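K.L.:
Quick one: structure below, then a few questions.
The values are calculated or read from the model by the stated rules, or taken from the named source; none is laboratory data. This is a predicted model, so every value here is computed, not measured. All Cβ positions, even for glycine, are placed from backbone atoms using ideal geometry, and neighbour counts span all protein chains on display. Ligands, DNA and RNA are excluded from the accessible area calculation, which covers all protein heavy atoms including side chains. Shrake-Rupley method; radii C 1.70, N 1.55, O 1.52, S 1.80 Å.
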Amino acid sequence: LAAAGYRLALSPSKAVSRTQGATDVDVACAMFEVAGAFSPSPCADVLALVAGDADFLPALRAVLQRPELRRAYVIAGAGAVSRRYRDAIAAEERAALLSLDGLLGQMAPGVLDLRAGRRPRRSDGVADVEGVMDALEKAATAATANANANATA
């Protein structure tokens with residue numbers, strides 16, 4: 001995205017920072033910065049928040065107060081957004097919820113999704129490394145076949 005001209009405001013994952021609250025504050029500050037809370041004008045007229053955490057609702061509502069911000073998109077996996085948060089986003093005229101799963105499928109149809117809920121697991125609940133490797137091999141084989149078909153067409 002950065003190579004395409006988008007300005008990314010990234011926050012360390014909870015696993016890296018070991019402090020969820022600090023990460024949430026980083027994200028909320030980045031949202032305010034994009035909306036122009038710390039400058040005379042916003043950095044962008046559209047905000048994309050890739051997080052399904054309802055803790056960001058107050059920040060989302062605050063940045064939508066800025067008339068220069070035309071639209072805000074909350075992008076999250078299907079199971080990551082509570083009904084209350086979905087309803088609150090739907091109630092905001094200039095906000096929309098987008099499915100991360102749908103976007104990934106459109107942008108990179110050959111991407112193998114092995115996030116936690118889709119990762120092969122053994123009967124004891126631990127990630128099945130052999131199952132993951134099998135899935136990767138199948139995806140690589142399919143991607144190679146598709147690439148060869150596209151090259152010959």
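K.L.:
For the range 54-100, with all protein chains present and a 1.4 Å probe, just round the carbon and sulfur fraction of the accessible area to a whole percent.
P.N.:
50
K.L.:
So, with +1 on the Cβ of K and R and -1 on the Cβ of D and E, and no other charges, what is the size of the charge dipole of the range 45-108 about its Cα centre, to the nearest 20 debye?
P.N.:
It works out to roughly 120 debye.
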